[in-house]
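*Asks:* Structure incoming, see below.
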Amino acid sequence: MQKGLFSALLQLADDHLVLGHRLSEWCGHAPMLEEDLALPNIALDLIGQARSLYTYAGEIEGVGRDEDALAFCRIEREYQNLLICELPNGDFAQTILRQFYFSSFMLLFWEQTLKSSDATVAAVAGKAIKEAKYHRRHCGEWVIRLGDGTDESARRMQASCEILEPYLGEFFHTSYDSLEISQSGVFPDKNTLQEPWLMDVREVFQAANLNIPDLTHAQKGGREGRHTEAMGHLLAQLQYMQRSFPNMAW
Amino acid sequence: MVDEEEIPLWEVFIRPRNGLAHRHCGSLHATDSKMALQAARDVYTRRGEGLSVWVIPSVQISASDPQDREEMFDPSDDKVYRHPNFYNIPDDVGHM
């Protein structure tokens, strides 16, 4: 049970750290000032959620690893994030669409996690749900405006749908560990989130004139530590300071 | 950088606390009112500044012409009696 909980916390924390890092790459590069603040705002929320999860994972593991040790001092194969989180940002449309998919999923996930049998996990959900609601709303509105916008924005949004499609099935992939954890009532069973998630996506995609994605051919591996080639480059940047100056604090 | 025709300018008003009025705090670009409210939240309320946000399209604001300044505002300069400065306030009233 403890090993399963540690692994489930780590998966969730890795999703948030890696995606938060990707979003932070937009800082200073977004197409307009308003989004230059909005995207790093979301990134900071995600990294804040990752911190709580890593800290609790470290306590559960019980060998003295803190949030920094877990976030910065593991090797690539030990990260268990979803592949979609580590994909390069692409253009603004692709970043927004990925964030919409993720935030829509996380909103449903946190809603179910509010009634977790684990009090710490339920508390993290209580804080995260407010943030996820805003992320879902902000990105959903952008998907509609880009998908149903100019010829160019519609073309870019549809192209993003095709790039991200193979990575959607992994959201609902249940490993042996996560099955055990959902049965003990700590986290929801991800399979049960697929239908409500698709309903949410359908509603936005209809308003955005986009084709509904197909989840059947899912690219998997992130949960087992098998990553895309983008992951090593991401970690090189993410881990640089802690690797160069071990135990640095600032 | 931002196309004013496609992404218009909005004026942002924030109410910091209950009982206070909304105050103008700046402007931003957004495609429509929904996005303008979200951008206002992201740009102007990051440090807990607000409980309520208003946005209005900048083109909807009618402003006085700076060239009319003399006829608009100078006539009030010599009417000091309009300021409530000519009362003796009893000490017991305290700070007003």
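The values are calculated or read from the model by the stated rules, or taken from the named source; none is laboratory data. Bear in mind the structure is a predicted one, so any value in this text is a computation, not a measurement. Neighbour counts run over all protein chains shown; Cβ positions are idealised from the backbone, glycine included.
*Asks:* When you check A:Ile181 against the structure, is it modelled with pLDDT under 95, of a type in the set (A, V, I, L, M, F, W, C) and either under 20 Å from the mean Cα position of the chain (by Cα) or over 30 Å from A:Ala119 (Cα atoms) (or both), yes or no? If you could, list the steps in order and put the result at the bottom.
*Replies:* Details: modelled with pLDDT under 95: yes; of a type in the set (A, V, I, L, M, F, W, C): yes; either under 20 Å from the mean Cα position of the chain (by Cα) or over 30 Å from A:Ala119 (Cα atoms) (or both): yes.
Yes.
*Asks:* Working carefully through the options B:Ala40, B:Ala30, B:Ala36, find the one that is touching a Pro at 6+ places or on another chain (Cβ under 8 Å), surrounded by 11 or more Cβ atoms within 10 Å (Cβ to Cβ), within 27 Å of A:Val143 (Cβ to Cβ) and aliphatic (A, V, I, L, M). Walk me through it before giving the result.
*Replies:* Numbers: B:Ala40 fails: touching a Pro at 6+ places or on another chain (Cβ under 8 Å); B:Ala36 fails: touching a Pro at 6+ places or on another chain (Cβ under 8 Å).
On inspection, the qualifying residue turns out to be B:Ala30.
*Asks:* Kindly provide the set of residues from segment A:104-128 that are surrounded by 17 or more Cβ atoms within 10 Å (Cβ to Cβ) and either within 14 Å of chain B (Cβ to nearest Cβ) or over 20 Å from A:Ile181 (Cα atoms) (or both), ordered by number. It would help to see each step written out before you state the result.
*Replies:* Let us first name the residues in segment A:104-128 that are surrounded by 17 or more Cβ atoms within 10 Å (Cβ to Cβ), namely A:104-110, A:112-113, A:116, A:118, A:121, A:124-125, A:128.
A:Ser104 - this is the single residue of segment A:104-128 that is surrounded by 17 or more Cβ atoms within 10 Å (Cβ to Cβ) and either within 14 Å of chain B (Cβ to nearest Cβ) or over 20 Å from A:Ile181 (Cα atoms) (or both).
*Asks:* Now for a separate question. What is the one condition in (1) away from chain B (no Cβ under 14 Å); (2) closer than 30 Å to B:Leu9 by Cα; (3) part of a loop (DSSP other than H, G, I, E, B); (4) not aromatic (Phe, Trp, Tyr) that A:Arg74 does not satisfy?
*Replies:* Just one mismatch for A:Arg74, condition (2).
*Asks:* What tally of residues in segment A:80-93 results from selecting those that are under 14 Å from A:Glu25 (Cα atoms) and part of a helix (DSSP H, G or I)? Give the steps one after another, and end with the answer.
*Replies:* If we filter segment A:80-93 for residues that are under 14 Å from A:Glu25 (Cα atoms), which is where we start, we get A:85-92.
With the extra rule that they be part of a helix (DSSP H, G or I), the set shrinks to A:85-86, A:92.
Result for segment A:80-93: 3.
*Asks:* Counting only residues that are away from chain B (no Cβ under 14 Å) and either of a type in the set (Gly, Ala, Ser) or more than 13 Å from the chain's Cα centre (by Cα) (or both), how many does segment A:10-36 have? Steps first, please.
*Replies:* Let us first name the residues in segment A:10-36 that are away from chain B (no Cβ under 14 Å), namely A:10-22, A:24-25.
Cutting the leftovers down to either of a type in the set (Gly, Ala, Ser) or more than 13 Å from the chain's Cα centre (by Cα) (or both) gives us A:13, A:20, A:24-25.
Count: 4.
*Asks:* Residue by residue through segment B:6-60, note down the ones that are of a type in the set (D, E, K, R) and within 22 Å of A:His29 (Cα to Cα).
*Replies:* B:Glu6, B:Arg41, B:Asp42, B:Arg46
*Asks:* Continuing with this model, one more query. Would you call A:Leu39 under 16 Å from B:Asp42 (Cβ atoms), among the hydrophobic types (A, V, I, L, M, F, W, C), surrounded by 18 or more Cβ atoms within 10 Å (Cβ to Cβ) and touching a residue at least 24 places away in the same chain (Cβ under 8 Å)? Give the steps one after another, and end with the answer.
*Replies:* Working: under 16 Å from B:Asp42 (Cβ atoms): yes; among the hydrophobic types (A, V, I, L, M, F, W, C): yes; surrounded by 18 or more Cβ atoms within 10 Å (Cβ to Cβ): yes; touching a residue at least 24 places away in the same chain (Cβ under 8 Å): yes.
Answer is yes for this residue.
*Asks:* Something else now. In this structure, does A:Gly48 turn out to be in a helix (DSSP H, G or I) and surrounded by fewer than 22 Cβ atoms within 10 Å (Cβ to Cβ)? Even if it seems obvious, please write down each step before you answer.
*Replies:* Working: in a helix (DSSP H, G or I): yes; surrounded by fewer than 22 Cβ atoms within 10 Å (Cβ to Cβ): yes.
Considered against the rule, which asks whether it is in a helix (DSSP H, G or I) and surrounded by fewer than 22 Cβ atoms within 10 Å (Cβ to Cβ), A:Gly48 comes out as yes.
*Asks:* A follow-up question, please. Of the residues in segment A:135-152, how many are crowded, with 17+ Cβ neighbours inside 10 Å and either of a type in the set (Lys, Arg) or within 11 Å of chain B (Cβ to nearest Cβ) (or both)?
*Replies:* Quick first cut of segment A:135-152, residues crowded, with 17+ Cβ neighbours inside 10 Å only: A:135-136, A:138-147, A:149.
From what is left, the residues that are either of a type in the set (Lys, Arg) or within 11 Å of chain B (Cβ to nearest Cβ) (or both) are A:135-136, A:138-142, A:144-146, A:149.
Number of matching residues: 11.
*Asks:* Just one of A:Arg243, A:Arg202, A:Arg226 is at pLDDT 95 or above, among the basic types (Lys, Arg), out of contact with any Asp or Glu (no Cβ under 8 Å at 6 or more places or on another chain) and more than 30 Å from A:Gly149 (Cα to Cα); which is it? Full working, then the answer.
*Replies:* Values: A:Arg243 fails: at pLDDT 95 or above; A:Arg202 fails: more than 30 Å from A:Gly149 (Cα to Cα).
Only one candidate passes the filter, namely A:Arg226.
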